[in-house]
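Here is the structure we will look at.
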Amino acid sequence: MESKLFGRFAMQSAIASRSYYTSRIRKPSLYNKISPLGSPSTSVVPELEDWVYKGNKIRVAELQRIVRDLRKRRRFTQALEVSEWMNKNGVCIFSPTEHAVHLDLMGKVHGYTSAEGYFNSLKEEDKNNKTYGALLNCYTRQRQTEKALSHLQKMKELGLASSPLSYNDIMCLYTNIGQLEKVPEVLIEMKKNNVLPDNFSYRICINAFGARSDIDGIERTLKEMENQSHIDMDWNTYAVVADLYIKAGLQSKAIDALKKAEERLDKKDGIGYNFLISLYARLGDKSEVIRLWEREKIDCKRCLNRDFTTMLESLLRLGELDEAENIFKEWESSGNCYDPHIPDVVITGYSQKGLHEKAESMLKSLQKRGKATVSNSWSEVAGAYLRKGEMEKAYDCFKAALQAENEGWKPNPRVFSGIVSWLGDNGSVEEVEALVSSLRKLVPVNRRMYNALIKAYVRHEKEVDGLLDRMKKDNIDEDENTKEILDMRKP
């Protein structure tokens, strides 16, 4: 009871005193406590409670910053926890803006029905364009077409659909459900209702025309966009148009669009440079790829890992392995934090070009230096050895892929199927059992795996009854191949 009273007193004291103060000594912040809790399954509530229990100040601005940061990093469950904690403990009175953020988070974490319930519970004065818009976004995100259109109609009746955001949501909805022909109709309706389209509105429409291979529609929309006094043409739009031209095989038009994109590129916009480099690589233009990379290094001062990744992928697309090796060495000496996915780009490139021995040598060199490797790298090399028929090496590399255990990685079915079948013909029972056991953690067990196991058991003259029982429990029936293997048993 005493601890609860103390906690309540601490909370009230913290909320009552929200003043900022400065000190020569840098004090710990609540943001720095919560930000490192990267796993979505980790609750941030204990950190919030502990912060208050220890008598620290609660600052509304800092909590709002934490929510913004967690949303930006797609840690929606944790962001919702902070928002709920603020609301529950009376840290601040929620304005429609806070309600809209909370509603959006509820939709992302629990689905549109929870968001709908929260919206219906709001006071009438909190139901404005922000909260209505947030609920509309929940509907469109979950492709609830009827609800979204009905909700937008109500917004129009209440005079709350005066910004392009609501119409953009509907255009995204039509795009996502494949009703691309309706996207331009929404743009027309916007203008009819005196709602000025923004850059995003036009880009959605341009993409919809592109998906339908309607070049005239793309160019007509782009020209209209360029003639709007309220629109500030950006590199992104021209990059989108260039991408669509490349897909349509219109190389000269793509180059013209890329030049316009570069003219509007902020000198410090690394993401913009990455887009343009990738597009020039698709055009097969090595000189432009190199020129933009050199310009990016000068303008951005320091290249991030994502920039090196884009450049490596672009050079490998162009078949420039030597240039890619030079960029890789540049990355190694850049001082950037180590990311195993960067060497993976090079290793994949080697493997796809048939240089699997070089790829394996690179992996072993990384291991020798104590650097982490990813499962995909080893799997790519295993696949290359498999294609060459060098099965022992394929098997060894695939075992290394399984040992790397990268979260979310799924082995290539063609690679593991080939190795499993070969091992059934050549490996020991223990080896096949171990491989199937490891695969079972990543993919559903299948008949090919069981046939390999049965073959290994039969070859080594082991009893298969227990194995066949396991097969039945996994709801896998015997096929002709299974029966042929079983017929191999000695009488």
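All of the numbers you see were taken from the coordinates with simple rules; none came from a lab. What you see is a predicted model, and the numbers here were worked out from it, not measured in a lab. Glycine also receives a Cβ, built like all others from the backbone with ideal geometry; neighbour counts cover every protein chain displayed.
Lysines near Lys483 by alpha-carbon distance under 24 Å, same-chain residues fewer than 8 away left out - which ones?
Lys455, Lys462, Lys472, Lys473
With n ≥ 4 as the cut-off for DSSP H runs, can you work out [θ] at 222 nm for the chain, using -39500 (n - 2.57) per run divided by the number of residues, rounded to the nearest 500?
Dividing the helical sum by the residues of the chain leaves -21500 deg cm²/dmol.
If I take all pairs of Cα atoms in segment 132-176, what percentage of them are more than 16 Å from each other?
21
State whether segment 230-336 is rounded, prolate or oblate according to the following rule on the C-alpha gyration tensor (a ≥ b ≥ c being the square roots of its eigenvalues): a/c under 1.5 gives rounded; otherwise a/b larger than b/c gives prolate, and the remaining case gives oblate.
Since a/c reaches 1.5 but b/c is at least a/b, the shape of segment 230-336 is classed as oblate.
To the nearest 10 degrees, how steeply does helix 391-404 sit against the main Cα axis of the chain, on a 0 to 90 scale?
30
Between Ile34, Ile454, Gly319, whose Cα lies farthest towards the positive end of the dipole of the chain when Lys and Arg beta carbons carry +1 and Asp and Glu beta carbons carry -1, centred on the Cα centre?
Towards the positive end, the residue furthest out is Ile34.
Hey, got the dipole for segment 383-440? About the Cα centre, +1 on K and R Cβ, -1 on D and E Cβ, debye to the nearest 20?
Approximately 340 debye in magnitude.
Just from the alpha-carbon atoms, what are the Rg and Dmax of segment 26-82 in angstroms?
Answer for segment 26-82, Rg first and Dmax second: 10.7, 30 Å.
Any aspartates and glutamates with Cα under 16 Å of the Lys57 Cα? List them, leaving off those in the same chain fewer than 8 positions away.
Once the sequence-local aspartates and glutamates are set aside, what remains near Lys57 is Glu47, Glu49.
Lys108: which lysines have alpha carbons under 21 Å from its alpha carbon, excluding same-chain residues fewer than 8 sequence positions away?
Candidates past the 8-residue exclusion: Lys72, Lys88, Lys127, Lys130, Lys147.
Kirkwood Rh, segment 380-476, all Cα pairs: how many Å?
13.6
Can you tell me how segment 56-142 classifies by the Cα gyration tensor, rounded, prolate or oblate, using a/c under 1.5 as the rounded cut?
Note, shape of segment 56-142 comes out oblate.
Could you tell me what % of all Cα pairs in segment 153-298 have separations over 27 Å?
29
Quick check: convex hull over the Cα atoms of the chain, volume per residue in Å³, rounded to an integer?
Measuring per residue, one finds 248 Å³ for the Cα hull of the chain.
Dipole magnitude of the chain about its Cα centre, charges +1 at Lys/Arg Cβ and -1 at Asp/Glu Cβ only, in debye to the nearest 20?
1440
For segment 125-210, just say rounded, prolate or oblate: build the C-alpha gyration tensor, square-root its eigenvalues into a ≥ b ≥ c, call rounded for a/c under 1.5, and beyond that prolate if a/b exceeds b/c, oblate if not.
oblate
At Asp425 and Arg220, where each label point lies 7 Å from the Cα along Cα→Cβ, what is the point-to-point distance in nanometres?
Going by the 7 Å Cα→Cβ label model, 6.0 nm.
Please give the Cα centre distance for segment 427-451 versus segment 296-360, rounded to the nearest Å.
What the calculation gives is 34 Å, centre to centre.
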